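Here is the structure we will look at.
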Amino acid sequence: MSSLSSLPGASGKLLRRIHRACRPSLDEPNVALNLEICDLINDKQGSLPHEASIAIVKLINSRDPQVSELALKLLDYLVKNCGYPVHLQISRKEFLNELVKRFPERPPPGYSRTQRLILGTIAEWTQTICKTSRHKEDFGYIRDMYRLLRSKGYEFPAVKKEDTAVLTPSDNLKSLEEVKKEDKLALNAKLHELVRRGRPQDLKEANEIMKVLSGFKEDQLVEDSKQRVAEDLVKVKRKADILSEMLDTATNTGKFDTKDETISELISSLKVAQPKIQLIIQEDQEDQEQPLLLAQMLQQQMML
């Protein structure tokens, strides 16, 4: 720990906080410190997601079970609060091999608590980001590790619904600028990882990403972001159509249940989408037909 005190800048600050969050003297996770580490990574980005993943997986392999458990909890905070930059790091083959470093070739008669937690963690990632993330194609090694452990006879615990909910992407509509910001964050994370690897094919791909981020291929980023917004608008339209059908049915039968949870959830979701649609209309002066028609439709529905 003494050597960490001499590390400069954000890297030193990050590693010192990680080790503080995993001190064996802690009886339970320090929630405030864990969130502080998440904020530091989200704010600084760069190489911090990679450095954090390396430091944490080493602590997970500590012979002190309390340190291991605290490190796994901290990793869970990062996965659920830092998005794709951390997801990219935990999906690396090297990270996953290190994560299961203390797993014997064949399952033991009884798992240690750390092993159970690791199995639960891999199962959760497999059921969430590997299935629902927009970047799920990048997480093949997580799926491979899950299949490998199962083929060796390891049994995974059931994943709790409340745990998967946090990692399930929100269907709330985002503005074009918000989508562009997300896309740039993902591209920057991938760029850092490709440069870090340094293989010829990685550097070639990194060069293409740099062209997009530097503005040389800005049109590609804008078009990709516009496509995402258009797809999300279609989803909102689908909800509006379902609501219309339900309201029509209720009107025709004379049975309108104000306590119907489905109707309430649809109305709530569409109300949240309304200001975003107005913002999308303001952002894109060239392609307004789809959002304008949807805005009018929602306005009429909310007046019923």
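Among the numbered conditions (1) of a type outside the set (A, V, I, L, M); (2) within 17 Å of GLU69 (Cβ to Cβ); (3) at pLDDT 95 or above, the only one that ARG102 does not meet is (3). Does the stretch 189-209 include one or more residues that are modelled with pLDDT under 80, part of a helix (DSSP H, G or I) and of a type outside the set (Gly, Ala, Ser)? The answer is no, given that none of the residues of the stretch 189-209 is modelled with pLDDT under 80, part of a helix (DSSP H, G or I) and of a type outside the set (Gly, Ala, Ser).
Filter the stretch 127-147 for residues that are more than 15 Å from PHE95 (Cα to Cα) and not basic (Lys, Arg); which is surrounded by the fewest Cβ atoms within 10 Å (Cβ to Cβ)?
First, the residues of the stretch 127-147 that are more than 15 Å from PHE95 (Cα to Cα): 127-137, 147.
The next check asks that each one be not basic (Lys, Arg); those that pass are 127-130, 132-133, 135, 137.
Values: GLN127: 18, THR128: 22, ILE129: 25, CYS130: 22, THR132: 12, SER133: 19, HIS135: 15, GLU137: 8.
The selected residue is GLU137.
In the stretch 31-90, counting only helices (runs of 4 or more DSSP H) that sit wholly within it, the ones holding 1 or more residues that are closer than 15 Å to LEU167 by Cβ span 31-44, 65-81, 84-90. Looking only at residues in the stretch 102-114 that are part of a loop (DSSP other than H, G, I, E, B) and touching a residue at least 40 places away in the same chain (Cβ under 8 Å), the one that is surrounded by the most Cβ atoms within 10 Å (Cβ to Cβ) is PHE103.
Within the set LEU185, LEU148, LEU117, the sole residue that is modelled with pLDDT under 95 and assigned to a helix (DSSP H, G or I) turns out to be LEU185.
For every residue, the table says whether it meets (1) charged (D, E, K, R); (2) in contact (Cβ under 8 Å) with a residue 60 or more places away in the chain; (3) surrounded by 15 or more Cβ atoms within 10 Å (Cβ to Cβ).
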{"site": "LEU185", "(1), (2), (3)": "no, yes, yes"}
{"site": "ALA206", "(1), (2), (3)": "no, no, yes"}
{"site": "LYS211", "(1), (2), (3)": "yes, no, no"}
{"site": "GLN220", "(1), (2), (3)": "no, no, no"}
{"site": "SER225", "(1), (2), (3)": "no, no, yes"}
{"site": "GLU231", "(1), (2), (3)": "yes, no, no"}
{"site": "LEU243", "(1), (2), (3)": "no, no, yes"}
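What do you reckon, is LYS73 more than 22 Å from LEU149 (Cβ to Cβ), among the basic types (Lys, Arg) and either out of contact with any helix residue (DSSP H, G or I) (no Cβ under 6 Å at 6 or more places or on another chain) or at pLDDT below 95 (or both)? When the stated conditions are applied, LYS73 does not pass them.
Among the residues of the stretch 59-68, are any without any contact (Cβ under 8 Å) to a residue 60 or more places away in the chain, under 17 Å from the mean Cα position of the chain (by Cα) and surrounded by 18 or more Cβ atoms within 10 Å (Cβ to Cβ)?
Looking only at the stretch 59-68, we keep the residues that are without any contact (Cβ under 8 Å) to a residue 60 or more places away in the chain, and these are 59-68.
Those left that are additionally under 17 Å from the mean Cα position of the chain (by Cα): none.
Within the stretch 59-68, none of the residues are without any contact (Cβ under 8 Å) to a residue 60 or more places away in the chain, under 17 Å from the mean Cα position of the chain (by Cα) and surrounded by 18 or more Cβ atoms within 10 Å (Cβ to Cβ).
Can you find a residue in the stretch 9-24 that is in a helix (DSSP H, G or I), surrounded by 20 or more Cβ atoms within 10 Å (Cβ to Cβ) and hydroxyl-bearing (Ser, Thr, Tyr)? Checked against the condition, which is being in a helix (DSSP H, G or I), surrounded by 20 or more Cβ atoms within 10 Å (Cβ to Cβ) and hydroxyl-bearing (Ser, Thr, Tyr), the stretch 9-24 yields no hits at all.
The values are calculated or read from the model by the stated rules, or taken from the named source; none is laboratory data. Nothing here was measured: the structure is a model prediction, and the numbers come from that model. Positions of Cβ are backbone-derived with ideal geometry, glycine not excepted, and every protein chain shown enters the neighbour counts.
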